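Enquirer: Have a look at this one.
The values are calculated or read from the model by the stated rules, or taken from the named source; none is laboratory data. These numbers were taken from a predicted model, which means no experiment stands behind them. Methodologically, a virtual Cβ is constructed for each residue, glycine included, from the backbone with ideal geometry; neighbour enumeration extends over all protein chains shown.
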Amino acid sequence: MESETMNEPISDLEEPQPKRFLSRWGGIYFSPKETFQEIGQAPRVLVPITALLVVGLLVFITLYSILDTESMAANQFDQMVAKGQMTPEQVERMAPVASVMINVQIFFVFVLGNVFYGLLIAGFVKLFSAIVGARNRFKAVFSITLFSLLAANVVHHTLLLMVVYLKGSSDMDLMSLVYAVSSNLNGLLSSFLEPEVLPKYLMSLFRYVDIFAIWIISLISIGSAAVSKKLKTSTAAMWLGGAYAMMALIGSAFGA
């Protein structure tokens, strides 16, 4: 009878030298499956975490220099008053620190948020892997998740900065900043439909039908299968897509 050690992946016994960070990053765009397989053999998390933080910090600094956060805060407060979430008196009390609050929110979304979301996604992958009987290491799953987020965010954030710079931010709030790149079905329909033609809940739901979200789910599904035993890409995509759909349904109810 073979020992338990003989059944362990080779990467658990002797971890090979990883490729350079730039090779891994570029490989996500051009040959994701092979790149994720290599990452699974020698996973690293510190470097992609640092890269995500640096990219996010650069985006935050750039946004800080070009955004009109006072107007953004005013727009956000107006929407909250219209929805009955705040009273004019509460808005008046919050006005002196509104700009600071917007900057704190932007910092979390673009700097800290992706590492936090990456941790949640990796934990979810480990959870459903256990349910379906797949075997993988958390470090490998977390690593491919971080690299997937990094690859997608570099493209998305570059487009975001271009859009904000060209359009300006005087009529934006935090939500419209996050969705400034019209890569979702909501943005497409809004470009040729009159306002209020479709129900608010439906339009809010369409925000989640997003090219970048689909890309990230696809990458993490490919990566999860690449670093796991007995896990297919289609199975990972079903679990990740199902969780995202559930989040979209719940999030749209609050965003409508």
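Enquirer: Would a scan of region 125-134 turn up a residue that is out of contact with any helix residue (DSSP H, G or I) (no Cβ under 6 Å at 6 or more places or on another chain) and not in a helix (DSSP H, G or I)?
Expert: Yes, region 125-134 contains at least one residue that is out of contact with any helix residue (DSSP H, G or I) (no Cβ under 6 Å at 6 or more places or on another chain) and not in a helix (DSSP H, G or I).
Enquirer: Would you pick out the residues in region 213-225 that are small (Gly, Ala, Ser) and either within 19 Å of the chain's Cα centre (by Cα) or at pLDDT below 95 (or both)?
Expert: Scanning region 213-225 gives Ala213, Ser218, Ser221, Gly223, Ser224.
Enquirer: Any residue in region 106-122 that is farther than 15 Å from Asn153 by Cα and assigned to a helix (DSSP H, G or I) sitting within a Cβ distance under 7 Å of a residue that is of a type in the set (A, V, I, L, M) and at pLDDT 95 or above? List the pairs, counting only those 6 or more apart or interchain.
Expert: Filtered contacts from region 106-122: Ile121/Ile220; Ala122/Val141.
Enquirer: Inspect all residues belonging to region 162-170 and state whether any of them is under 30 Å from Gly26 (Cα atoms) and among the β-branched types (Val, Ile, Thr).
Expert: Yes, region 162-170 contains at least one residue that is under 30 Å from Gly26 (Cα atoms) and among the β-branched types (Val, Ile, Thr).
Enquirer: Write out, first by first residue and then by second, each pair whose Cβ atoms fall under 8 Å of each other, whose residues are 6+ apart or on separate chains, and whose first residue, in region 57-72, is closer than 14 Å to Leu160 by Cβ while the second is outside any helix (DSSP H, G or I) and not hydrophobic (A, V, I, L, M, F, W, C).
Expert: Cβ pairs passing all conditions: Ile66/Ser169; Leu67/Ser169.
Enquirer: Any residue in region 139-164 that's free of Cβ contacts under 8 Å to residues at least 40 places away in the same chain and surrounded by fewer than 23 Cβ atoms within 10 Å (Cβ to Cβ): show its pairings with residues that are hydrophobic (A, V, I, L, M, F, W, C) and not in a helix (DSSP H, G or I) at Cβ separation under 7 Å, as long as the two are six or more apart or on different chains.
Expert: Every condition considered, the pairs that remain are Leu159/Val181; Val163/Ala180; Val163/Val181.
Enquirer: Those residues that are polar (S, T, N, Q) and either at positive phi or modelled with pLDDT under 95 (or both), I need them from region 105-130; list them, please.
Expert: Scanning region 105-130 gives Gln105, Asn114.
Enquirer: Ok, one more. Say we look at region 226-250 and pick out the residues that are surrounded by 15 or more Cβ atoms within 10 Å (Cβ to Cβ) and without any contact (Cβ under 8 Å) to a residue 60 or more places away in the chain; which of these is farthest from the chain's Cα centre (by Cα)?
Expert: Thr233
Enquirer: Let me ask something else about it. Would you tally the residues in region 170-212 being within 26 Å of Met101 (Cα to Cα), within 23 Å of the chain's Cα centre (by Cα) and not aliphatic (A, V, I, L, M)?
Expert: Summing the residues that are within 26 Å of Met101 (Cα to Cα), within 23 Å of the chain's Cα centre (by Cα) and not aliphatic (A, V, I, L, M) in region 170-212 gives 7.
Enquirer: Here is a further query. Going through region 192-201 one residue at a time, which ones are exposed (fewer than 14 other Cβ atoms within 10 Å of the Cβ) and either on the phi > 0 side of the Ramachandran plot or of a type outside the set (Phe, Trp, Tyr) (or both)?
Expert: Correct list: Leu193, Glu194, Pro195, Glu196, Val197, Pro199, Lys200.
Enquirer: Among the residues of region 78-95, are any part of a helix (DSSP H, G or I), touching a residue at least 24 places away in the same chain (Cβ under 8 Å) and crowded, with 20+ Cβ neighbours inside 10 Å?
Expert: Within region 78-95, not a single residue is part of a helix (DSSP H, G or I), touching a residue at least 24 places away in the same chain (Cβ under 8 Å) and crowded, with 20+ Cβ neighbours inside 10 Å.
Enquirer: From the residues in region 71-124 that are under 25 Å from the mean Cα position of the chain (by Cα) and of a type in the set (Gly, Ala, Ser), which one is nearest to Gly56 (Cα to Cα)?
Expert: This residue is Gly113.
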